[in-house]
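Down below is the structure, laid out as structure tokens.
All of the numbers you see were taken from the coordinates with simple rules; none came from a lab. Here the structure is a predicted model, which is why all the values come from computation and not from measurement. Neighbour counts run over all protein chains shown; Cβ positions are idealised from the backbone, glycine included.
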Amino acid sequence: MAGKVERGFWPSTYRWSVERLSLREARMGALARLFIVALLVGVIALAPARAQEGFRPIYSGIQRPRGCLNPLERRALVESGAVLRLVAVLRSVHIRVPGILVRARLCRRPEGFAYLLTLLGFDGKVTQVAVDAVKGTLIGER
């Protein structure tokens with residue numbers, strides 16, 4: 001029995017449940033468990049440092065939106081006629097930038113209001129477009 005390690009859930013009296021491993025296999029299993037524990041400790045140790053960085057959204061578009069409106073404010077502006085409806089803006093944009101609308105936001109700008117649209121082109125390319133919400137003209141495209 002020297003050099004052999006018994007492993008199994010059932011007591012060794014049940015012959016069918018006993019699995020015999022060589023000493024080398026037992027050491028390899030112990031090393032694997034040690035590696036997994038070390039990996040988990042490393043992940044847990046790095047988590048607070050990553051959390052201190054804070055949440056940084058990725059904006060690959062025109063500018064980071066700072067003054068975007070919530071749905072109630074947006075609806076009030078559209079119903080009052082101060083800005084164009086999103087459907088009208090999309091009709092004017094689809095002529096220049098064809099694709100599927102992924103996201104739309106109505107944001108404040110120093111010059112007025114603008115729709116920030118994210119479009120998925122039919123070629124798979126993501127495009128971000130800024131459209132003047134009052135006139136419907138294209139401000140910028142990226």
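Tabulated data for the structure shown
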quantity: Stretch gain in nm, segment ALA82-GLU141, where the contour uses 0.36 nm per residue and the Cα spacing is subtracted; calculated: 18.9 nm
quantity: Label-point separation in nm, GLU25 to ARG75, each point 7 Å along Cα→Cβ; calculated: 6.7 nm
